[in-house]
Structure formats: structure tokens, C-alpha cells
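> Please read through the structure below; I'll follow up with questions.
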Amino acid sequence: KSTVFDFCFKQAMYDWGGGSNYEKLAWMDGSTKRPAGLIHNPGMRQYAVTFIDNHDTATPHEGAWEYGGDVEKANAVMLSAPGIPCVFWKHWKTNKAAIKKMIACRKQMGVNSNSDVKVTNTSGYYESVATGTKGSLICRVGSWSGTPSGYSVACSGNGWAYFTNKPVDFSNTGNNPIIPD
């Protein structure tokens, strides 16, 4: 088996650019909205490597295709989606604390490359619900009010939040070899 970079996801993130048109982040899979990209397809998502930027898309390359929006929000969308997420080193260095928490939520809820993720809102804010092997993770990006019933805020930042239906332990995020310092 091989994996493939999900350039469709990258294009959707680039087109969204952190703005208020959250429809750009969702594609239809029959009658269900799913995160945009190859990851919208249940047969492909386990092979799709999602990314926001990499060494080829970011400056200083001529004709750079660099994401221009809020990097934390973009990583929140990516790390709550199916596929195999690849965090760009530059984003990691500038947003390490938030990304570590996002990864901890993903891991502890058992969200993986083949998880079922539905986009449940794109009007006014983005909301997805990921069903993992150990719990559920709701990602919200934008401007909303309230907490989903049966969930609590696991982590959040400026204009994004993760809600989980089980508590998340962040005590080991600084020493975990899967989440480097």
C-alpha cells in the first residue's frame, strides 16, 4: 500500500484562506458533507496525507502556494479530519503548544486515517464531528456560541475549539515521543 499527498485538501484550505466561507472546507459524499479533499471519500481517506503547507508550497519558493490564513485554525481543521495529517515544521515551531493539544485530543479520542468525520455546519462557522475508536471529537472554527450537549471544551484558541465527549489528559504532551518538543 502507498499513500498520496492530498493536494485537494491543500487546495481547499488555500481557497478558504481562513475566511468566513466555510463551504470551501466541505465536499459532499452522497448526501453527507465531509472534510474537503481525498479524505471526503471513505475508500481513499486512509491513504491521504493531509497538509496545509510544506517546503515546496511555502515561501521563499517562486510562485509559492502558501496558506495565508490563521495557521492554528487550519491545523484544527486538519487534525480533526481523517487521513494522515502532516504538520508543517514552520507551523509547528510557531504554534507548538496548541498543536500538541490538538494531537493529544486526536490520539485520545482514537481519531485516525479512516475515521468517520461529518461536517455538520458551514453556515457562520465550521463544525465537524469525528467518530474515533475511543470517543468523539467536535471541531469548531469561526464564531459560535455554546458547547455541544454531552461534550466539554478540551482545548481552544482564537476562533477555534475542540470539544470531546471524554476528558483529555494533557499531562504527558511535553514528554511524548510522538509529539516532539
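The values are calculated or read from the model by the stated rules, or taken from the named source; none is laboratory data. Keep in mind that this is a model prediction, so the values were computed, not measured. Here Cβ is always computed from backbone atoms with ideal geometry, including for glycine, and neighbour counts include all displayed protein chains. SASA here: full protein model, heavy atoms, side chains in, ligands and nucleic acids out. Shrake-Rupley method; radii C 1.70, N 1.55, O 1.52, S 1.80 Å.
> Kindly provide the set of residues from segment 66-86 that are open to solvent by 40 Å² or more (accessible area, probe 1.4 Å) and of a type in the set (A, V, I, L, M, F, W, C), ordered by number.
Ile84, Cys86
> Continuing with the same structure: Please verify whether segment 34-47 includes one or more residues that are modelled with pLDDT of 95 or more and in a strand (DSSP E or B).
yes
> Restricting attention to segment 141-163, and to residues there that are in a loop (DSSP other than H, G, I, E, B) and touching a helix residue (DSSP H, G or I) at 6+ places or on another chain (Cβ under 8 Å), which single residue is surrounded by the most Cβ atoms within 10 Å (Cβ to Cβ)?
The extreme case among them is Gly159.
> Another question, if that's okay. Does segment 113-131 hold any residues that are open to solvent by 20 Å² or more (accessible area, probe 1.4 Å) and assigned to a strand (DSSP E or B), and which are they?
Scanning segment 113-131 gives Asp116, Lys118, Thr120, Asn121, Tyr125, Glu127, Val129, Thr131.
> Right, something else. Considering only residues that are closer than 14 Å to Cys139 by Cα and not hydrophobic (A, V, I, L, M, F, W, C), look in segment 91-106 and name the one that is surrounded by the fewest Cβ atoms within 10 Å (Cβ to Cβ).
For segment 91-106, the residue satisfying everything is Lys101.
> What's the total number of residues in segment 26-41 that are in contact (Cβ under 8 Å) with a residue 24 or more places away in the chain and either crowded, with 24+ Cβ neighbours inside 10 Å or over 13 Å from the mean Cα position of the chain (by Cα) (or both)?
7
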